[in-house]
Amino acid sequence: MLTLTEVAQDPLVLTRRLRLRDGSEVVVRPLGRGDAEQLARFLAGLSPESRRLSTFDGYGLDTARELCDAIARYDKLRLVVEEAASGRTVGLLEFSLGLHPSDIARYRRAGVPLVEGGDCRFGPTLADDYQGRGVGTLLFPLVTEVARRFGRKRVILLGGVLTDNPRALRFYEKNGFVAVGTFTGTDGTSSLDMILDLGPEPGGA
């Protein structure tokens, strides 16, 4: 089973090069400590609507530095998506390998007990010009691979998905996520909890 320390020591273990439908390529790799400025440009470039749908505490260099400083600490794994040609950061995939008490409580009320060490949380963010291009679908097999390699059996959505975000809802449903229940955030927004059962290992018995 993979560990955060192993990923930090050898980022190539989770580095992939993927070809998009238009023929261009992206590189997906673990966030590095020297990525703060590139990551800050990515965060700053997100539109107000993309920021509304994300879960970041801020969208500048301070936040980017905090994310880079957290590498191999706490329970977080973050993968950046870069344009192969330019090196521009165009996406961030976030995994929380630990569970938050509020998530545990909500899912329990919905009749779906979460399992510490068996479940993880996931949330993606893409640059505005990369949304609606099939990038999420291309990336999704890597998402499930990462979860499995860390010994997880199920994936829940980090912060849920806003109920007024139909494109994201369709994406998650298409990729096997099942709705568990709705909840209202501290800002009054309505979100949906969804969970994915990864099932048996591909090629397993």
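The values are calculated or read from the model by the stated rules, or taken from the named source; none is laboratory data. From a predicted model like this one, the values you see are computed outputs, not experimental measurements. Positions of Cβ are backbone-derived with ideal geometry, glycine not excepted, and every protein chain shown enters the neighbour counts. The protein model used for the area step is the full one, side chains on, heavy atoms only, and it has no ligands, DNA or RNA in it. Shrake-Rupley method; radii C 1.70, N 1.55, O 1.52, S 1.80 Å.
Under the convention that each Lys and Arg Cβ holds +1 and each Asp and Glu Cβ holds -1, the size of the dipole of the chain around its Cα centre is about 400 debye. Taking M194, M1 and ordering them by how much accessible surface each has at a 1.4 Å probe, largest first, produces M1, M194.
For a modelled paramagnetic label at R52, 7 Å from Cα along Cα-to-Cβ, the residues of the range 157-182 in reach, with backbone nitrogen under 18 Å, are 160-170. Per-residue surface analysis assigns T3 an accessible area of about 60 Å², computed on protein heavy atoms at 1.4 Å probe radius.
Highest mobility in the GNM of the chain, judged by mean-square fluctuation with C-alpha springs under 10 Å and restricted to P101, P124, P11, is found for P101.
Between Q9 and I104, the C-beta separation translates, for a Förster distance of 25 Å, into a calculated FRET efficiency of about 0.20. A convex hull fitted around the alpha carbon atoms of the range 79-181 yields 107 Å³ per residue.
For the range 105-205, the relative contact order comes to 29 percent (Cα pairs under 8 Å, sequence separation of at least 6). Multiplying the residue separation of E116 and V27 by 0.36 nm and removing their Cα-Cα distance gives an extension gain of 29.0 nm. The helix-only estimate of mean residue ellipticity at 222 nm for the chain, built from DSSP H runs of length n ≥ 4 each weighted as -39500 (n - 2.57), is -8500 deg cm²/dmol after division by the residue total.
For D187 and R41, a Förster radius of 22 Å and the Cβ-Cβ distance give a FRET efficiency of 0.25, rounded to the nearest 0.05. Accessible surface area normalised per residue over the range 64-205 is 47 Å², counting heavy atoms of protein chains with a 1.4 Å rolling probe.
Specify the longest stretch of the chain that does not include any exposed loop site, a site being one of the trypsin sites (Lys or Arg not before Pro) with a non-H, G, I, E, B DSSP assignment and at most 16 other Cβ atoms within 10 Å.
It runs 154-205.
Under a Gaussian network description of the chain, with springs only between Cα atoms under 10 Å, the residue in D35, D62, D187 that fluctuates furthest is D187. Within the accessible surface of the chain, defined with a 1.4 Å probe on protein heavy atoms only, the carbon and sulfur portion equals 52 percent.
Averaging Cα coordinates gives a centre for the range 155-189 and one for the range 50-92; these two points are 21 Å apart. Decide, for the chain, between rounded, prolate and oblate: order the square roots of the alpha carbon gyration tensor eigenvalues as a ≥ b ≥ c, take rounded if a/c falls under 1.5, and otherwise choose prolate if a/b is larger than b/c, else oblate. The shape class here is rounded.
Largest GNM mean-square fluctuation across A64, A36, A85, computed for the chain with C-alpha springs under 10 Å, falls on A85.
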